[in-house]
1. Taking residue 28 as the residue in question, decide whether it is open to solvent by 40 Å² or more (accessible area, probe 1.4 Å), among the hydrophobic types (A, V, I, L, M, F, W, C), over 20 Å from residue 166 (Cα atoms) and not in a strand (DSSP E or B).
2. Would you tally the residues in segment 77-118 being among the charged types (D, E, K, R) and in contact with a Leu (Cβ under 9 Å, 6 or more places away or on another chain)?
3. Can you tell me how many residues within segment 111-127 are open to solvent by 80 Å² or more (accessible area, probe 1.4 Å) and either modelled with pLDDT under 95 or of a type outside the set (S, T, N, Q) (or both)?
4. Among the residues of segment 3-18 satisfying the criterion of being under 27 Å from residue 148 (Cα atoms) and assigned to a helix (DSSP H, G or I), which is modelled with the highest pLDDT?
5. Quick check on my filter: what residues within segment 144-181 are crowded, with 24+ Cβ neighbours inside 10 Å and of a type in the set (D, E, K, R)?
6. I need every pair where a residue in segment 92-108 that is open to solvent by 60 Å² or more (accessible area, probe 1.4 Å) has its Cβ under 8 Å from the Cβ of a residue that is in a helix (DSSP H, G or I), sequence separation at least 6 or different chains.
7. With open to solvent by 20 Å² or more (accessible area, probe 1.4 Å), more than 17 Å from the chain's Cα centre (by Cα) and closer than 30 Å to residue 100 by Cα as the only criterion, which of 67, 2, 73 stands out?
Amino acid sequence: MKAIIFDFDGTIVDTESVWYELYREILFEEYSLELPLEEFSKCIGTTDEVLYAYIQEGTGKKVDRNKLEEAVKHRFSGKKEMLEVREGVLEKIKEAEDLGLKMALASSSSREWVDSFLEQFNLKSYFSVIKTREDVEKVKPDPSLYLKALEELGVEPFEALAIEDSANGVLAAVSAGMHCAVIPNQVTAQLKFHEKAVRSEHFRDLSFKFEIYNI
């Protein structure tokens with residue numbers, strides 16, 4: 001194994017649990033609409049088109065998407081400083097560094113979003129390659145983000161391990177021909193993941209030993 005490519009949201013920092021709670025709160029307050037976790041989870045790791053289709057169907061009317069997004073972002077801004085890097089992530093990053101493995105990020109989020117957190121947690125220097133939604137035509141579950149990162153790293157798919165938390169992200173990694181480890185968070189724990197991904201419940205259980213990952 002020559003490289004590790006991390007997903008960001010939900011994997012390095014569990015932003016997804018906060019997003020879910022905020023969307024659930026505001027949708028109920030403003031539209032009396034319940035947001036089951038299984039519905040929200042469909043958009044994790046990809047775009048939010050599925051989420052807004054559910055909202056429109058549930059409310060029976062056209063929801064002002066910009067207004068809703070601004071309301072959620074406003075509440076999120078008050079919680080951003082409370083977020084932390086997931087337990088065990090930094091130890092694994094340093095382990096990969098000690099092993100001489102190349103490291104990259106591949107995220108369906110915007111570059112501005114990802115950079116803001118990397119700077120907040122002083123993580124940016126660890127990643128020689130960062131690919132975000134601006135770099136591709138299609139985000140996860142399409143494999144383009146991973147393929148772009150692999151190309152810039154100069155490694156073959158079978159030489160790299162993707163670390164993910166979502167079903168869409170895992171599918172992107174497997175479709176790219178990579179090995180994949182999934183460490184779910186509290187929002188994605190109930191999801192069913194591709195059979196080729198190796199699931200761990202905590203980063204401390206994650207192994208970088210090449211032979212345990214199968215394509």
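1. yes
2. The qualifying residues number 4.
3. Counting residues in segment 111-127 that are open to solvent by 80 Å² or more (accessible area, probe 1.4 Å) and either modelled with pLDDT under 95 or of a type outside the set (S, T, N, Q) (or both) gives 3.
4. Only one residue fits best here, namely 15.
5. Of everything in segment 144-181, those that are crowded, with 24+ Cβ neighbours inside 10 Å and of a type in the set (D, E, K, R) turn out to be 164, 165.
6. If the second residue must be in a helix (DSSP H, G or I), the pairs left are 97/126; 102/153.
7. 2
Results for (1) of a type in the set (Asp, Glu); (2) in contact with an Asp or Glu (Cβ under 8 Å, 6 or more places away or on another chain); (3) part of a helix (DSSP H, G or I), shown as yes or no for each residue.
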site: 63; (1), (2), (3): no, no, no
site: 91; (1), (2), (3): yes, no, yes
site: 97; (1), (2), (3): yes, no, yes
site: 109; (1), (2), (3): no, yes, no
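The values are calculated or read from the model by the stated rules, or taken from the named source; none is laboratory data. Here the structure is a predicted model, which is why all the values come from computation and not from measurement. Counting neighbours? That spans all protein chains shown, and the Cβs are built from the backbone with ideal geometry, glycine included. Keep in mind that these areas ignore ligands, DNA and RNA; they rest on the heavy atoms of the full protein, side chains included. Shrake-Rupley method; radii C 1.70, N 1.55, O 1.52, S 1.80 Å.
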